[in-house]
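Heads up, the thing below is written out as structure tokens.
Read-outs: derived from the displayed coordinates by stated rules, not from any lab. Every value quoted in this text rests on a predicted model; they were computed, and no experiment measured them. Cβ: placed from backbone, ideal geometry, glycine included. Neighbour counts: every protein chain shown.
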Amino acid sequence: MASDNGLFIQCLKKLPNMRTDKDLKVIYSFLHGMEALSGLREHALQSLCNIVRYEFHEANDIIYYQGEVASCWYILLSGSVFIEGSMFLPRSSSAVEVLVPSLSHREKGESEGRYR
């Protein structure tokens, strides 16, 4: 699974318009196996594959302040997160890896992307 995870992250690090069909299939395969996304229909999950991106944050980085208007949401791949006084997804890690599906990718002038 570690090598699969590496390939998945490698695909995510590519700009969405530079992803190949193979990249999109790798991303889809990984996202399809995530419990948090299990309720999505196939088309919605395929659309997500076109816009999701990878971010890495060091421990104690602040990625969002209360009251800010959200432009994306995060899927934690490793590490843990502290929200409103509670710890979520506790795992021992010195850093946080996240997927960031943008909520406003079209507003930023990015292409809609594709999935096959």
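Quick notes on this structure:
- The single condition among (1) within 22 Å of Ile9 (Cα to Cα); (2) touching a Phe, Trp or Tyr at 6+ places or on another chain (Cβ under 8 Å) that Ala70 does not meet is (1).
- Qualifying residue in region 20-28 (condition: assigned to a loop (DSSP other than H, G, I, E, B) and not aromatic (Phe, Trp, Tyr)): yes
- Members of region 48-68 that are closer than 23 Å to Gly85 by Cα and within 15 Å of the chain's Cα centre (by Cα): Phe56, His57, Ile63
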